[in-house]
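> Dropping the structure in here first, questions after.
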Amino acid sequence: MITIDAFKAYGTRTGSPTQIPLDEITLLASPATLKALGDFLVHAAQCMEEDGMKHLHLQDAWADFDPRLHVDLVLVNSEQATEHAPQTTTGDSAGIPHG
């Protein structure tokens, strides 16, 4: 069993700009995709520790990201974030939400 600090999760419904608090996150993905996501989590944590990054988007780090096939994952550094409450996102012309 692992021990981790407290954290919160927020998400948006498809087509909605409003974030809602989540109690649980389910990822339906292949083992290879889950490993790639794990690598992204580790990389993001290193960037936050070493470079003081406030947040990182999966869509910015994944070369083949396609909003029709993938869900953006936004990782926020709670040590750098000024606000932890849900925020409304605004999408661009491609309909990709930004956090």
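The values are calculated or read from the model by the stated rules, or taken from the named source; none is laboratory data. Keep in mind that this is a model prediction, so the values were computed, not measured. Please note: Cβ atoms are built from the backbone with ideal geometry, for glycine as well, and neighbour counts cover all protein chains shown.
> Under the condition of being out of contact with any strand residue (DSSP E or B) (no Cβ under 8 Å at 6 or more places or on another chain) and among the β-branched types (Val, Ile, Thr), which residue from the range 12-52 is modelled with the lowest pLDDT?
14
> Which of the residues belonging to the range 26-41 are within 14 Å of the chain's Cα centre (by Cα) and surrounded by fewer than 10 Cβ atoms within 10 Å (Cβ to Cβ)?
Scanning the range 26-41 gives 26, 27.
> Out of the residues in the range 10-24 meeting the condition of being closer than 15 Å to residue 72 by Cα and exposed (fewer than 10 other Cβ atoms within 10 Å of the Cβ), tell me which one is farthest from the chain's Cα centre (by Cα).
The qualifying residue farthest from the chain's Cα centre (by Cα) is 15.
> Output the number of residues of the range 42-70 satisfying the condition of being assigned to a loop (DSSP other than H, G, I, E, B) and under 23 Å from residue 5 (Cβ atoms).
From the range 42-70, those assigned to a loop (DSSP other than H, G, I, E, B) are 52-54, 62-70; that's our starting set.
Filter once more, keeping what is under 23 Å from residue 5 (Cβ atoms): 52-54.
Of the residues in that region, 3 qualify.
> If you don't mind, there's one more thing I want to ask. What are the pairs, 6+ residues apart or on separate chains, where a residue within the range 27-47 that is under 21 Å from residue 11 (Cα atoms) has its Cβ under 8 Å from a residue that is assigned to a helix (DSSP H, G or I) and among the small types (Gly, Ala, Ser)?
Pairs found: 40/61; 44/61.
> Here is a further query. Return the residue satisfying two criteria in turn: it lies in the range 54-97 and is exposed (fewer than 13 other Cβ atoms within 10 Å of the Cβ) and under 16 Å from residue 15 (Cβ atoms), and of such residues it is modelled with the lowest pLDDT.
93
> Which residues, taken from the range 7-25, are outside any loop (DSSP other than H, G, I, E, B), over 23 Å from residue 63 (Cα atoms) and free of Cβ contacts under 8 Å to residues at least 24 places away in the same chain?
9, 22, listed by residue number.
> Quickly run through the range 42-53 and pick out the residues that are among the small types (Gly, Ala, Ser) and surrounded by 14 or more Cβ atoms within 10 Å (Cβ to Cβ).
44, 45
> Whether any residue in the range 26-41 is acidic (Asp, Glu) and in a helix (DSSP H, G or I) is what I want to check. If you could, list the steps in order and put the result at the bottom.
Of all residues in the range 26-41, those acidic (Asp, Glu) come to 39.
If we keep only those that are in a helix (DSSP H, G or I) as well, we get 39.
Yes, the range 26-41 has at least one match.
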